[in-house]
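Asks: To start, I am sharing the structure in question, which I have written as structure tokens.
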């Protein structure tokens, strides 16, 4: 039958997009009335609504009616009142493959030639389904994905609406987390690969001026376990500024996380500020996409930052300070990113499943209704990720494939079957009328105590066995399990914090049954103050501690019972003095450390106190070493650590001779002679270990009145990084040589012989 193409008042839904609400259409005469489209239905198939809502059709007509869209029908309407057009509203327009079509909720409204309207009754309406908009290819089912057209006939007039059938989608989560990156003490200035799978790629970029660091750091967020993080130091790119990308894909102007996604995805970035300041996190593709979100001022808890993106390459970074968002430029930590996207469920295959029953109900009373609530079933798919399967995807049976029943007590092993694979978990059915026969301790609570501690039953688990031989693990609950502490037969529960060294019994009672386990009370074996002998000038406080070691009576592995008492503990005292006899008290730490020099300290805690402790007050940003103050002509400097400071360490070469005593030379009594020698095994120079960037002043001289004496500084590769000018030939004066060195190991050696080292000053460089 030839059919005229009808104009649909709603836009047609397409595969993968939520269907639009039903709408009225003009009939083939072109005289019909049009209604506005209804809202988009939810993906669960809920029908769309219109306002006002017409009265629904009371009964669903048969899909097998022989009435066709253009077939004229005879009605009982008086000749002076005929149906001019029909409109359609309500009904379900979005289906998943496998769902059956439903006409429920469809409302057909008749418009008469006098412009009055009336809702059609069910027996007035017929419909057919077509695969084409022209209504020429009738179908009997909607079994495959696509767009279908439901032609409705009422009162001799036709109209139609579109429905969408889409494949069931499965959300894939690819967790691109930082792992397998060797932690570094120094900064990384190259690209760090993080993830590359299924066309999705994640990496971090850095350069010589904007470096990153790798750190081992365990954390969990949104069920994702992290073991490492990258420290992205400082501001990467200013807000609104484009990211500059080199030919090799690295980002040349910042510390940036680069994410390439192969399809439309939901990205969740996990990170946090490295200080108690809010950060401005920015995601851009350098083209048509840019979003900025603010973090919390929290350097303890991981934050999650979510973005919906199309396929493409995106750059994630911290921007400059943003007053509107209340954020600051600065460092941040990156843990990983979750890439989530939908694929047709039919495209997935699975190699295994895993059952997690940790949050599921596993204890049932006799004849309880069995439930799988809280059960999590995951499947490993062909994309290499683990999906959380829905209840419709798996089946739970007894291990022999029979139906699960709670009609009999005891432990039962259940089988979960999904995607052609299976895994097991256990449940237990308990008869509440059964009696407890005995209890035993399965997991003991804290077993070793120090005097003064209160007893703790946290972690205690007992196992009960009832008259049906059913066992049950029961965690400590003060309302169910009672206890007392016994010294032999004597109840000493109330005196627990004052108990002395020895072994005691904890007696537990549950359901009138008892069991016991032993605990040990320790005594102090050793006490020792811990402190540093150096303190920075200008400090206003000083940290120390008391280490108390206990014994379990056998002295076996007593060191594991160490406990640290901080200086803030009640009874802890720190006092400073200006003399070694500790008679002249300095009232505050601020006054004690006001200038470079020496002060004395006494520490005490309760009845225990230290002897006088010598403290050196020094400038940690500057230090010096002079040979005359520290060496004699008989000092051993070969392969020896000559000076060990906070900024530099000086070590003698393998064949360095003894210091030379030269009265009158350069106002120094003792110097170290540096000789030229190309044989590394007979190295006659000094080794400098620079701990952080420093500005050095080297005091050098010649032993003769000869000119042309020079020395060099080499790095670990043998490359010369500094060459001195001629050292003055006047042997009674020093030549001051200044050089700035980065952290690292260097050697100082003479090129021409007869060069002597008299001292060094180091100052921390910015």
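Asks: Exactly one of these conditions fails for residue 683: (1) at pLDDT below 80; (2) surrounded by 15 or more Cβ atoms within 10 Å (Cβ to Cβ). Give me its number.
Replies: (1)
Asks: Residue check: is residue 657 surrounded by 13 or more Cβ atoms within 10 Å (Cβ to Cβ), more than 30 Å from residue 548 (Cβ to Cβ), more than 52 Å from the chain's Cα centre (by Cα) and touching a residue at least 12 places away in the same chain (Cβ under 8 Å)? Explain how you work it out, then say what you get.
Replies: On the way: surrounded by 13 or more Cβ atoms within 10 Å (Cβ to Cβ): yes; more than 30 Å from residue 548 (Cβ to Cβ): yes; more than 52 Å from the chain's Cα centre (by Cα): yes; touching a residue at least 12 places away in the same chain (Cβ under 8 Å): yes.
It is true that residue 657 is surrounded by 13 or more Cβ atoms within 10 Å (Cβ to Cβ), more than 30 Å from residue 548 (Cβ to Cβ), more than 52 Å from the chain's Cα centre (by Cα) and touching a residue at least 12 places away in the same chain (Cβ under 8 Å).
Asks: Scan region 367-391 for residues that are touching a residue at least 60 places away in the same chain (Cβ under 8 Å) and either in the same structural domain as residue 302 (by TED's automatic domain parsing) or not in a strand (DSSP E or B) (or both) and report the count.
Replies: Going through region 367-391 one residue at a time, the tally reaches 4.
Asks: Next up: Residues that are within 30 Å of residue 524 (Cβ to Cβ) and at pLDDT 85 or above: find the strands (runs of 3 or more DSSP E) completely inside region 561-631 holding 1 or more of those.
Replies: Numbers: elements: 563-566, 572-577, 597-605, 613-618, 622-626.
Filter on region 561-631 gives 572-577, 597-605, 613-618.
Asks: Also, quick follow-up: Output the number of residues of region 327-351 satisfying the condition of being on the phi > 0 side of the Ramachandran plot and loosely packed, with under 15 Cβ neighbours inside 10 Å.
Replies: Here the count works out to 0.
Asks: For residue 537, are the conditions met, namely being modelled with pLDDT under 90, within 30 Å of residue 591 (Cβ to Cβ), surrounded by 13 or more Cβ atoms within 10 Å (Cβ to Cβ) and in the same structural domain as residue 586 (by TED's automatic domain parsing)?
Replies: Working: modelled with pLDDT under 90: yes; within 30 Å of residue 591 (Cβ to Cβ): yes; surrounded by 13 or more Cβ atoms within 10 Å (Cβ to Cβ): yes; in the same structural domain as residue 586 (by TED's automatic domain parsing): yes.
Yes.
Asks: Could you list, ordered by first residue, the pairs with Cβ atoms under 6 Å in which the first is in region 103-123 and outside the structural domain of residue 162 (by TED's automatic domain parsing) and the second is at pLDDT below 95 and loosely packed, with under 14 Cβ neighbours inside 10 Å, at least 6 apart or interchain?
Replies: Partner pairs satisfying both residue conditions: none exist.
Asks: Any idea how many residues of region 632-652 are touching a helix residue (DSSP H, G or I) at 6+ places or on another chain (Cβ under 8 Å) and assigned to a loop (DSSP other than H, G, I, E, B)?
Replies: Step one: list which residues in region 632-652 are touching a helix residue (DSSP H, G or I) at 6+ places or on another chain (Cβ under 8 Å), which gives 642-643.
Within this subset, residues satisfying the condition of being assigned to a loop (DSSP other than H, G, I, E, B) are none.
Of the residues in region 632-652, 0 are touching a helix residue (DSSP H, G or I) at 6+ places or on another chain (Cβ under 8 Å) and assigned to a loop (DSSP other than H, G, I, E, B).
Residues are listed down the side, and each one gets a yes or a no for (1) over 20 Å from the mean Cα position of the chain (by Cα); (2) assigned by TED's automatic domain parsing to the domain that holds residue 181; (3) in a loop (DSSP other than H, G, I, E, B):
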{"residue": "276", "(1), (2), (3)": "no, yes, yes"}
{"residue": "288", "(1), (2), (3)": "yes, yes, yes"}
{"residue": "299", "(1), (2), (3)": "no, yes, yes"}
{"residue": "320", "(1), (2), (3)": "yes, yes, yes"}
{"residue": "324", "(1), (2), (3)": "yes, yes, yes"}
{"residue": "336", "(1), (2), (3)": "no, yes, no"}
{"residue": "339", "(1), (2), (3)": "no, yes, no"}
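Asks: Can you pull out the residues in region 216-253 that are modelled with pLDDT under 75 and closer than 22 Å to residue 302 by Cβ?
Replies: 233, 234, 235, 236
Asks: Also: Of all residues in region 389-399 being out of contact with any strand residue (DSSP E or B) (no Cβ under 6 Å at 6 or more places or on another chain) and modelled with pLDDT under 95, which is surrounded by the fewest Cβ atoms within 10 Å (Cβ to Cβ)? I'd like the intermediate steps shown before the answer.
Replies: Taking region 389-399 as the starting set, the residues that turn out to be out of contact with any strand residue (DSSP E or B) (no Cβ under 6 Å at 6 or more places or on another chain) are 390-392, 398.
With the extra rule that they be modelled with pLDDT under 95, the set shrinks to 390-392.
Values: 390: 12, 391: 11, 392: 8.
Result: 392.
Asks: With 368, 373 as the choices, which residue is modelled with pLDDT of 95 or more and either more than 30 Å from the chain's Cα centre (by Cα) or more than 15 Å from residue 170 (Cα to Cα) (or both)? I'd like the intermediate steps shown before the answer.
Replies: Values: 373 fails: modelled with pLDDT of 95 or more.
From the options 368, 373, the qualifying one is 368.
Asks: Look through 568, 574, 590 and report the one residue that is outside the structural domain of residue 674 (by TED's automatic domain parsing), without any contact (Cβ under 8 Å) to a residue 12 or more places away in the chain and within 43 Å of the chain's Cα centre (by Cα). Write out each step before concluding.
Replies: Values: 574 fails: without any contact (Cβ under 8 Å) to a residue 12 or more places away in the chain; 590 fails: without any contact (Cβ under 8 Å) to a residue 12 or more places away in the chain.
Within the list 568, 574, 590, the selection yields 568.
Asks: Look at region 352-366 and say how many of its residues are surrounded by 12 or more Cβ atoms within 10 Å (Cβ to Cβ) and assigned to a loop (DSSP other than H, G, I, E, B). Walk me through how you get there before you give the answer.
Replies: Narrowing region 352-366 to residues surrounded by 12 or more Cβ atoms within 10 Å (Cβ to Cβ): 352-357, 360-362, 364-366.
Applying the additional criterion that residues be assigned to a loop (DSSP other than H, G, I, E, B) yields 357, 360-362, 366.
The qualifying residues number 5.
The values are calculated or read from the model by the stated rules, or taken from the named source; none is laboratory data. As the structure is a prediction and not an experimental result, all values here were calculated from the model. Cβ sites come from the backbone with ideal geometry, for glycine too, and all protein chains shown count toward neighbours.
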